[in-house]
Amino acid sequence: MAGCRMKLELSRVALGKGRLGVLKGLGKTGQLSLEVPGYLLHTHLGTVPHLTQDTLSTLSTLPSVTQITLSNIAEHQEVLEEFKDGFRKFAGLHDTVLYCALHDPATPCPTGHTTNKTVSVWGSGGRIELTVAKFMALQKAVKPDWYQSMADGETWQINTSHKRELEGVEVFGVVEGGDILEERVRSAKETAKRPVSGFCLDGLQTGSMDQALRTQLISVVTKELPEDKPRLLQGVGRPDEVLESVEAGVDLFEGFFPFEVTERGCALIFNFNISSNPELAVLEPGEDQETAGDSQHSGDLNPDDQTQMTSFEINLKDKRYQGDFRPLLEGCGCYCCRNHQRAYLHHLLVTNELLAGVLLMIHNTAHYHAFFSALRDAMAEDTLDLLKRRVLGQTERKD
C-alpha cells in the first residue's frame with residue numbers, strides 16, 4: 001500500500017523450521033523494529049494488566065509493539081474523537097508501536113454475529129456492531145501505526161479499498177476459512193493480492209480445533225502468502241503451540257498467555273534452557289518439573305481450555321507452597337524472583353492482595369519474553385529440535 005515502511009528482513013528461512021529475522025520500519029518515524037519470531041505486548045486499554053508504566057519499565061527489552069483492541073476501545077469513540085490526538089497520547093504511551101486488533105484474545109468472543117457488511121465487538125456494555133464507516137472512524141480516532149482489517153466483512157472492491165486505508169498507516173489483511181482447507185487456501189490467495197503490509201491468521205485460536213489440524217492449515221496457508229510480509233497468528237500463545245506454529249511459518253503472536261497464567265494465580269516455570277553452561281540455566285531438568293501442572297484442583301489438564309492451568313505453570317494457591325521459601329524460579333532475574341518467595345506469593349493470593357497479580361505478571365511476562373529469545377537463539381544456532389524436546393517433554397509427562 002502507499003506509504004508502506006514496514007519491511008520484513010529474513011536472515012534464515014528453512015522449510016519446516018520457521019523464519020528468523022527482523023521486522024523493520026515500524027512506528028511513525030520508522031526507526032523501531034521487532035525480532036521474529038516474536039510477540040506483541042498484550043494490554044487492556046493500553047495498559048499491561050496489573051502493571052503501571054513505571055513497573056513495566058523495570059522489565060528490559062520488551063516488544064516494541066503494543067496491542068490494543070477495538071473490543072475495549074469502541075465504546076470510547078466519542079471521547080477519542082473529542083481528544084483528537086490519538087490513543088497513544090490519550091493512554092500516556094511512549095516509544096512504542098501501536099497495533100489495533102478487533103478482539104481481545106484473552107476474552108471469549110461470541111460467534112455468529114458477522115455479516116457481509118458488519119463485524120461485532122463486545123465491550124463492557126455489550127455488543128457493538130461496526131460498519132465499514134464506523135470501523136474506519138474508530139481507526140481515525142485511535143491513530144494506530146497498523147491495524148487489522150475487518151474480518152469477513154471486507155470485500156476489498158477496487159473502487160472502495162482506499163476508503164479503508166489511513167494515510168501512513170499499515171494494514172494487516174485477515175485470512176479466514178475456519179477448519180476447511182479449501183476455504184483457507186482461497187482466502188489466503190485472495191488476501192495476498194490486496195495492498196496489505198502483513199497477514200492475520202484468524203479463527204485458529206486455542207480450543208477452536210485440534211492442534212495437528214491447526215498446524216496443517218497454517219502450513220498450507222503460509223505457502224500461499226508472500227515471503228516478505230509478516231504473518232500474525234491470533235489467539236495462540238501456549239509455548240508448545242508457539243513452537244508448532246513457528247515451524248509452520250508463523251512470525252508473530254499475541255502476548256496474552258502471561259496474563260492468563262497470572263489470572264489463574266499461577267507462575268510460569270517451564271524449562272527452555274538448552275545451554276551446557278549451568279550458570280545460564282533457568283531451570284535444570286528434574287529440578288522442579290514434578291510440580292509443573294500438578295497443582296490442578298480437579299480433573300486432568302485440558303490443553304484446549306484457555307481458562308485451565310497448563311503443564312507450563314504451577315498454582316501458587318496450592319497449600320504446598322505456604323512453606324516454600326524458594327523463588328518462583330531458580331535463576332530467574334526478574335524483580336519478583338530476586339525479592340520474594342513462593343510462600344509470600346501464596347500468602348498474597350489466599351488473602352486476595354492486589355500485589356499478587358503485580359508480582360506474578362512481572363515474572364510471567366519476563367519468563368515468556370525469555371522463551372521467545374531462546375526460540376530465536378535456537379533457530380539461529382540450528383538447535384530448534386533440542387529446544388522442542390526440552391519444552392514439549394514437559395507436556396508429555398502430563399499426558
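So here's what we get for this one:
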| item | result |
| --- | --- |
| Residue order for 166, 40 - accessible surface, 1.4 angstrom probe, largest first | 166, 40 |
| For the stretch 343-385 and the stretch 217-254, distance of Cα centres in Å | 22 |
| Cα-based helix-to-principal-axis angle, 132-142 vs the chain, degrees rounded to 10 | 60 |
| Carbon/sulfur fraction of accessible area - the chain, other protein chains in place, 1.4 Å, % | 50 |
| Between 0 and 90°, nearest 10: helix 211-222 axis offset from the chain longest Cα axis | 40 |
| Two-decimal log10 I(q)/I(0) for the stretch 332-390, as the Debye equation yields it once each C-alpha is a single scatterer, q = 0.24 Å⁻¹ | -0.88 |
| Members of 89/223; 17/189; 319/388; 7/140; 28/84; 7/388 lying beyond 27 Å, as alpha-carbon distances in this model show | 89/223; 319/388; 7/388 |
| Nearest-ten-degree value, helix 384-396 long axis tilted from longest Cα axis of the chain | 70 |
| Per residue solvent-accessible surface (Å²) - the chain, probe of 1.4 Å | 44 |
| Whether the chain is rounded, prolate or oblate, judged on the alpha carbon gyration tensor where a/c under 1.5 counts as rounded | prolate |
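The values are calculated or read from the model by the stated rules, or taken from the named source; none is laboratory data. It should be emphasised that the depicted structure is a prediction, and the values quoted were computed from it without experimental measurement. Note: areas computed on protein heavy atoms with side chains; ligands, DNA, RNA excluded. Shrake-Rupley method; radii C 1.70, N 1.55, O 1.52, S 1.80 Å.
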